[in-house]
Amino acid sequence: MKKYIVVIAYVCVTLFCLYELQLLITQPRQYQFLARQLDTVEVQIRAIETNPEGDEFRWLSDDVTITVPKPTQTGVVHMHVWIAPGRITTAIQVGNYQLSTPLFSAFQSRRIALLVTPSATQSSLLPIKFIFKPNETTTPIAWAFAGEYWSSITTQPHPQPQLMLFVIITLFVTTLTLYRISNHPLTSIVCAGIGVLLFLVAETPISMTVAWITDQPALYNRLWVLAIAWLIWFWKYPKARAFFTTASAQTRVIFVAYGMLTLIPVVGMIAPPESASMQIEELRKLQECPDHWTGAQWDVAANFAPLSQCITDHIGWRSMFIRVKNEIDYQVFGVSSRIYFGNNGFYFMRRWSDERFSWLQEIFHTPSQRQKLLAILQQINQNYAKQGIHVIMVITPSKEFIYPENLPWNAPKYDYQMVRDFENDMEASGLDVIHTFDLLQSHKKDVPLLYHPRDFHWNDLSAYYVAQAVTDHIAQHKKITNPWNHPLDICSMVRKASDQSFAALMSNRDAYAGTYCQVTTMPNHIPWIIENRFNRDFNVWRAEQASPSQTLGALEIDGDSYSMYFQTSGLERYFNLVVITKFANWRDAFTPDHLGYLQRGNVRYVVWQMRDASLPLLLNDIYNEY
């Protein structure tokens, strides 16, 4: 009976202690801001970059707002922002209110605090937007932000007594724990006395320690796990001690090793220790932990599956374990499950070499499939021709074909002649084709690189040469002589590339690959903008008034992620309107909304750009996968 009373007492004391910890300091709820394009779905405006101090930030343009979950009580919105050179901000739009801003200098880091109150509206987001004077620069970049959060300003009326009570209860639990371990009451009492003295002379460090605990949501919200672990320990400690006393050394080593391997991931789930640079980029959304039981009480399987996947996705040190495994594969065996590590620092995605290129080869060697693919491209051309629009087909070669010398020995190799033969068939059927592979091969030795070494995309230099070919092609079609007259201006840059993220090694998590770009200026300093029409983003450059060199009219580029590199190619010098967009399904290009958009813009030329690796997807009506 006495034993059960002691156990119940320990349970009550532990639960009460945790309750007091929760009441001690009101946890400042922190939310990371999201970059959201106005009136559109969430989009990534610029890739996250890192400043020299190692802080991550994101450059944004004028028409971007940031949103934060709307406060449920009075609180303060803290904003860490800075303005790009040449830009002048006049106000901040917070919800429906506009506030004047202090004077900003270029790259001057400013912290702004805004007092906000709860709202009765149904919206769950508080939009915040910077308002600028008219843009007089050559870039759409306007401002950057990092480290923003909203915090509650509610405080406890009597924090000192609560702190005292919390410390007393903690000392009491600690004393009983020491008594359980040592079985000497005097030792426990001495330790408790030392703890009281520490509290009397070092109240500030103790308060800071408690505050640190409450500032770690992953730890703070899982204190109940620690309580259960303590109860299990208290209950099983005598038997565990007897086991270690009588067991052999080998048995104890095995038991401790197994316990550590089990305990470390669990502790990592309670308080994730990994830094932001250690985190890997996932290609899928991680499973959220279920917070309620679904279905009937006996539907164990239906509820266990998401819980099991949640534990797998959020196990402690998961990113580090993945990186260690990948590093061993790379250093010992020279392989990766996602990447081929090539020569001269090149990375190649296994997905293309192992799956897509073999599929493409099979299609080209199967007459019925080859003809079906050709028929789809002919239908695309005919649909545009009915609207009086001339289509130029651009098949973008993959990096594996431009730089085969950098492929590792164990990567499969394919002959690009199969694509070149298909391009000849396209021309023979009446399609207008630019032979992109031959074009880039002719310039391969003229520039340092045509593709990013650790990304599957081409770089600005490739886009420049293709844009020049497109411009000359259209000029020839309109019987205009050699309009392209601006030279290639090469610049160097660093890029945190996607293939590098897929590799996820221990040695490259902070590494940036050197690559090359094109320096360009927009005519009359008119920037590219993003327009949202019929639930689709269009990257648009529009001249206020056509200049004498802009004689080729309006151009639309329907492509994939490669097409975005045309924004630095200089097409704006020769067209008064350039539109770049992406379609998930190729049939979406011929909806009445889009065709009407082309007619209103007087677009008479369309570049249909696709990667060679994406051609097989057309057979399933899929146009763009990136």
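The values are calculated or read from the model by the stated rules, or taken from the named source; none is laboratory data. No experiment lies behind these values; they were computed from the predicted model shown. Heads up, the Cβs are rebuilt from the backbone with ideal geometry, glycines too, and the neighbour counts pull from every protein chain shown. These area figures cover heavy atoms from the full protein model, side chains too; ligands, DNA and RNA do not enter into them. Shrake-Rupley method; radii C 1.70, N 1.55, O 1.52, S 1.80 Å.
Details
- Ordering 366-379, 396-409 by mean Cβ neighbour count within 10 Å, with the highest value first, yields 396-409, 366-379.
- Note, ³J(HN,Hα) from phi for the stretch 441-453, Karplus 6.51, -1.76, 1.60, rounded to Hz, x at Gly and Pro: 4, 5, 10, 4, 8, 7, 9, x, 8, 9, 10, 5, x
- Rounded to whole numbers, the Karplus 3J(HN,Hα) couplings from phi for the stretch 330-343 are 6, 6, 8, 10, x, 10, 8, 6, 10, 10, 9, 7, x, 7 Hz, using 6.51 cos²θ - 1.76 cosθ + 1.60 with θ = phi - 60°, and x at Gly and Pro.
- FRET efficiency, N620 to K236 (Cβ-Cβ, R0 45 Å, nearest 0.05): 0.20
- Applying 0.36 nm per residue to the separation of V335 and Q379 and subtracting their alpha-carbon distance, the gain on full extension is 11.6 nm.
- Of the trypsin sites (Lys or Arg not before Pro) found in the stretch 424-484, those in coil by DSSP whose Cβ has at most 14 other Cβ atoms within 10 Å are K444, K445, K478, K479.
- Separation of the alpha carbons by more than 30 angstrom is noted, of K399/K479; K413/K444; K133/K479; K325/K399, for K399/K479; K133/K479.
- For L263, L450, the ranking by accessible surface with the largest value first comes to L263, L450, using a 1.4 Å probe.
- Inter-label distance, I529 to V324: 5.3 nm, where each label sits 7 Å from its Cα along the C-beta direction.
- Paramagnetic reach from S547 (point 7 Å along Cα→Cβ, amide N under 14 Å) across the stretch 460-485: 484-485
- Peptides 417-425, 326-334 ordered by packing proxy, namely the average of other Cβ atoms within 10 Å per residue, highest first: 417-425, 326-334.
- Taken one residue at a time, the phi angles of the stretch 613-620 give Karplus couplings (6.51, -1.76, 1.60, θ = phi - 60°) of 5, 9, 4, x, 5, 4, 5, 9 Hz. Gly and Pro are set to x.
- Calculated FRET efficiency, S442 to K479, Cβ-Cβ distance, R0 = 35 Å: about 0.90 to the nearest 0.05.
- Counted residue by residue at 0.36 nm each, then reduced by the alpha carbon distance between them, the extension gain from W359 to C491 reaches 43.8 nm.
- Alpha carbon centroid spacing (whole Å) that separates the stretch 434-492 from the stretch 397-412: 21 Å
- Placed amide H near T396: partners under 5 Å, 5+ positions off or other chain: M610, R611, D612
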